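Chemist: Pasting a structure below so you can have a look.
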Amino acid sequence: MAAVAYDNASSTAPAVVGTGTNRTFTFSHTTSAGADRYIVVGLGCSAVAGTDANYSFGGVTYGGVSLGQIGSTVHANASNGGFVQLWGLVAPSTGANDVVVTYTNSTNSGVDVLMAGAITATNVSQSSPLGTPASATGASTAATVNVSSATDELVLDIVGTGTLVSTVGANQTQRWLQNVNSNSQCGNGAMSTEAGAASVTMSWTVTSDSWAILGVPLKPAGASSVKQLLTMGVGD
C-alpha cells in the first residue's frame, strides 16, 4: 500500500470585499493526472466590524463540481472575528481548473477579508478519504493542533490569524502562505502538509493574536481493502 503523495498547491491573495450577499471569488488550481486524486480547499474570513456568527461560506466548486465541507473552527476572540474551513472532493478534474468560492454573509456591516488556497494529493482512498478532523483556537504566538493519523497518510492543515503568519512547524512543509497585512483578522493564513503518524502536531508561529487552526489526515488508497482482508483472516 503506497503512501498518500502531495501533488500541487495554489492560493489567492486575500480579497477585501464590501457588504452584500452571495459574493464570489475565483482562483486557478492545477491537478496532475495521478491516480486516486483528492483536493482540499482551505478558506478563511474576517471582518473589520461584526461578529463570527455573521460569517458563512455558501459553497465551493472546482471545475464546476461542488466540494463537501470537511470541518470548520472559529477564532477564540469573537471581537476580532473570523474562522477557517476545509472543503474536499474525490477525483477532481485534471489540469488547470477554477476554484470558485461563494461567500453568503448577509448580516455583517463591516468590510470582510477572504482568503483561500488548495492542495491536491494522489493515492488517496476514493471511498474513505478522510480521517478525523481536529481543531484548536487560541491567542498566542503558537498556533497548534494535534491530529490523529497513521503511517502512509498525509496530514493537511490550515491556520488563520489576526496578525502575521511566519514560521511553519517542524516536520511540516509549507504549501502556501498569504499575509495581507498586520491587522486584518483571519485575512492572514497558510496551509501545510506532514507525513502521517499516530499523532501529528501541526503548528505555526504567528504574531501574538487570535488564531484558529484545523487539520485532517488523508487516507491512502487500498487502506479499506487491506483492513477488510485482515479482518477476514487473509494474510495472517
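Computed from the coordinates by the stated procedures, all read-outs in this text should not be read as laboratory data. Here the structure is a predicted model, which is why all the values come from computation and not from measurement. We place every Cβ from the backbone using ideal geometry, glycine too, and count neighbours over all the protein chains shown.
Chemist: Report the FRET efficiency, 1/(1 + (r/R0)^6), for residue 197 and residue 24, where r is their Cβ-Cβ distance and R0 is 45 Å, rounded to 0.05.
Modeler: On the way: r = 38 Å, r/R0 = 0.84.
Computed FRET efficiency for residue 197 and residue 24 comes out at 0.75.
Chemist: While we're here: Using the Cβ atoms and a cut-off under 12 Å, what net charge is assigned to the surroundings of residue 157, where Lys and Arg are +1 and Asp and Glu are -1?
Modeler: Value of the local net charge: 0.
Chemist: Could you please report the charge total around residue 10, scoring K, R as +1 and D, E as -1 over all other residues with beta-carbon less than 14 angstrom from its beta-carbon?
Modeler: Summing Lys and Arg as +1 and Asp and Glu as -1 gives -1.
Chemist: Using the basic label-point model (7 angstrom from Cα toward the beta carbon), what is the residue 126 to residue 91 distance in nanometres?
Modeler: Each label point is offset 7 Å from its Cα along the Cβ direction, giving 0.5 nm.
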